[in-house]
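As structure tokens, the structure follows; a few thoughts come after it.
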């Protein structure tokens, strides 16, 4: 009886563990009109080791991504935490209306899915998914993603070469070639230094001067800004 009980317990434990792992097909789609996403990072992680947490201050790794598009520190952070990840599935920028596909095998305990990528042109805006619980039932699931402000830089909306370094004000690039120059810079009274829903680009209609280097007909958006399709096998 004891041997039989032990065998049954072992089988049940193994079955329980196997249900915690998952094979995922992932597709991320840019829903904006004129915003590009820098290299996307998707991680499967436990309840603690997330890429970011809304309403808290951004980590240095998140700030580096949100202000300059560099995901290397987030990748290192996820690796150290034992997270599973899919890095840069688009192999570069993800343009408006474009999609990128990848696969991800999760380990036992990595039951949550997160995503982050800088939005260009913005100062410190990023598209994000914060700890979405991976379903245990096979099927296809759709998650719509919002734009977040990292809270680490004022949104002056000025395109400044070399401003991809953390703490250097400005937008490092404007893919698409539809931004202006010569803006005076927007002044901001935003004092929220925590990660929060992005207020959106304002822009203006003067791409040779004005306050913003961004176009108010190209670079504005409403949430959601991306769609993540998750197929659990």
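Whole angstrom only: what separates the Cα centroid of the range 47-121 from the Cα centroid of the range 160-208? Rounded to whole Å, the Cα centres lie 22 Å apart. The angle between the Cα long axis of helix 72-81 and the longest principal axis of the Cα atoms of the chain comes to about 20 degrees, rounded to the nearest 10. Here each label is just a point 7 Å from Cα along the line to Cβ, and for residue 220 and residue 56 those points are 3.5 nm apart. The gain in end-to-end length when the residue 138 to residue 98 segment is fully stretched comes to 11.8 nm, 0.36 nm per residue minus the alpha carbon separation.
Relative contact order of the range 68-132: 26 percent, from C-alpha pairs under 8 Å at least 6 residues apart in sequence. Between the helical axis of 2-20 and the longest alpha-carbon principal axis of the chain there is an angle of about 20 degrees. Spin-label pair residue 27-residue 168: with each label point 7 Å from Cα along the Cα-Cβ axis, the two points sit 3.8 nm from one another. Between residue 184 and residue 233, the C-beta separation translates, for a Förster distance of 30 Å, into a calculated FRET efficiency of about 0.05.
Panel order for 206, 149, 164, 213, by other beta carbons found within 10 Å of each beta carbon, from fewest to most: 206, 164, 149, 213.
What the Cα convex hull of the range 23-226 gives, in volume per residue, is 103 Å³. Springs join every pair of Cα atoms under 10 Å in this Gaussian network model of the chain, and among 114, 83, 191 the largest mean-square fluctuation is at 191. Computed on the chain, with alpha-carbon pairs under 8 angstrom and 6+ residues apart, the relative contact order is 26 percent. Could you give P(r) for the range 117-203, binned at 10 Å from zero, as whole percent values over all Cα-Cα pairs? The distribution over the range 117-203 is 15, 44, 24, 11, 5, 0, given as percents. Segment residue 47..residue 194, full-extension length gain: 50.9 nm, with 0.36 nm per residue of separation and the alpha-carbon distance subtracted.
The numbers here are math on the coordinates, done by the rules we state, and not lab data. Predicted model, so just to flag it, every value in this text is computed and none were measured. Don't worry about glycine lacking a Cβ; one is built from the backbone with ideal geometry, like all the others, and counts go over all protein chains shown.
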